[in-house]
Amino acid sequence: MDQPQSSAAKTIAKDGTRRLSINAAFLRDIKDDNRELKALIDRIKPITELPQVAANHWIEIRSLLADLRDQLALHFSLEEAFGYFEEAIETAPQLSMTAVQLRGDHPRLFEEIRAIADKAQEIEADQIEKVTTFLSRLHRFQRSFETHEEAEIKLIVEAMDDDIGGGD
């Protein structure tokens with residue numbers, strides 16, 4: 001059975017150091033995904049801060065949350081395909097538990113944004129109490145997602161620092 005082509009390849013240099021090379025097209029996909037995800041989040045945040053503002057933008061919010069759901073599906077798929085979880089585990093075994101936990105967050109986070117996007121379709125803009133409750137749930141998700149992303153960045157930095165010999 002053929003192995004799928006990896007987006008990242010490990011090589012050993014002549015001096016014995018391990019190097020990681022990344023497919024440029026794949027790296028461009030990740031960069032584009034991150035840019036699109038940030039732009040989407042930046043569009044959602046200001047119109048979901050206050051219930052009355054959200055009610056005035058409810059149709060747009062519904063659409064943006066459906067887009068966010070789809071973008072996060074792509075985002076999580078790219079992160080897992082990139083293999084940085086495995087890279088962290090292989091280069092820094094002490095980070096293994098963190099990597100496993102972060103990878104395990106993806107289904108939970110995706111299920112939550114899927115449920116949020118679905119719930120937005122059920123609420124009408126004039127149901128201000130429901131909008132307020134909904135926004136609390138959305139804000140909890142946003143904080144959880146931000147915490148997750150920060151932990152992933154920290155994991156990558158720690159793995160790379162160990163891999164390239166930070167602190168030497």
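For this structure, a couple of remarks:
- Given (1) crowded, with 16+ Cβ neighbours inside 10 Å; (2) more than 19 Å from Ser144 (Cα to Cα); (3) among the basic types (Lys, Arg), number of the condition Lys31 does not satisfy: (1)
- Residues within the stretch 106-157 that are more than 19 Å from Ser96 (Cα to Cα), basic (Lys, Arg) and over 13 Å from the mean Cα position of the chain (by Cα), tallied: 5
- Failed item in (1) buried (at least 17 other Cβ atoms within 10 Å of the Cβ); (2) more than 19 Å from Arg35 (Cα to Cα); (3) within 17 Å of the chain's Cα centre (by Cα); (4) modelled with pLDDT of 95 or more, with Arg69 passing the rest: (2)
- Residue count for the stretch 80-120, restricted to those that are modelled with pLDDT of 95 or more, within 17 Å of Thr147 (Cβ to Cβ) and either in contact with an Asp or Glu (Cβ under 6 Å, 6 or more places away or on another chain) or crowded, with 20+ Cβ neighbours inside 10 Å (or both): 1.
The values are calculated or read from the model by the stated rules, or taken from the named source; none is laboratory data. Everything numeric in this text was worked out from a predicted model, so none of it was measured. As a convention, Cβ positions derive from the backbone with ideal geometry for all residues, glycine included, and neighbour counts pool all protein chains shown.
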